[in-house]
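Take a look at the structure set out below.
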Amino acid sequence: MQFTKLLGNKLKSDQVIELLEHYDVDVIYDFDRLHEGTEDVYWASFYEQGFQFRFNKEQTLDVIFLYMQERDGFLYIHDNEVDVDVLSSFVEAKESFEEKGIEYITSPSDDPDHVLYQRWIKSKSGGFSAHYEFIKSKLRMITLSIVK
């Protein structure tokens, strides 16, 4: 699926509605119940397909979560269904970004004994960011977001 091309689409766009209907997925309106000043968002969870959409208050798809491991009721998404590089380790991701000249930031620890050591790496290119999260040196999740 071309997730990166879906970023920026409106909730009521033909492409998004087609996906929601095809997989029979409901959209959940998440509003500021506690009056804390948080912005309203909308969620579409594709549990069996291994991904989740978040739409901002303007109903624009601004974040896509790709579950590379089963968790929180989501099955994992297959590598061949993802339109960004599936990088299996922190080191592989860093080397790939450096080789391609892609801007990136990393988790803030160089200490191998620290909990955040090689925990995540985030690239920016093509109008979106790709945040790779690793647990026990294995890719856990990729989060795609619109770059503002």
Next item on the list: Return only the number of the condition from (1) without any contact (Cβ under 8 Å) to a residue 40 or more places away in the chain; (2) in a loop (DSSP other than H, G, I, E, B) that D83 does not satisfy.
Entry: (1)
Notebook entry, point to check: If you check Y76, Y132, which single one turns out to be part of a strand (DSSP E or B) and either closer than 25 Å to G8 by Cα or not basic (K, R) (or both)?
Noted result: Y132
Next item on the list: Taking the options Q52, Q118, name whichever one is free of Cβ contacts under 8 Å to residues at least 60 places away in the same chain and out of contact with any helix residue (DSSP H, G or I) (no Cβ under 8 Å at 6 or more places or on another chain).
Entry: Q52
Note to self: Within the range 91-100, does at least one residue satisfy the condition of being buried (at least 18 other Cβ atoms within 10 Å of the Cβ), at pLDDT 90 or above and either part of a loop (DSSP other than H, G, I, E, B) or touching a strand residue (DSSP E or B) at 6+ places or on another chain (Cβ under 9 Å) (or both)?
What the structure shows: yes
Next item on the list: Tally the residues that are free of Cβ contacts under 8 Å to residues at least 40 places away in the same chain and either at negative phi or open to solvent by less than 30 Å² (accessible area, probe 1.4 Å) (or both), restricting the search to the range 4-29.
Entry: 15
Checklist line | Residue satisfying all of: in the range 56-73; of a type outside the set (K, R) and part of a loop (DSSP other than H, G, I, E, B); surrounded by the most Cβ atoms within 10 Å (Cβ to Cβ) among these | finding: M68
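The values are calculated or read from the model by the stated rules, or taken from the named source; none is laboratory data. Everything quoted here is computed from the prediction, not taken from an experiment. So basically every Cβ, Gly included, is an ideal-geometry build from the backbone, and we count neighbours across all protein chains shown. In case anyone asks, the SASA skips ligands and DNA or RNA and just uses the protein heavy atoms, side chains included. Shrake-Rupley method; radii C 1.70, N 1.55, O 1.52, S 1.80 Å.
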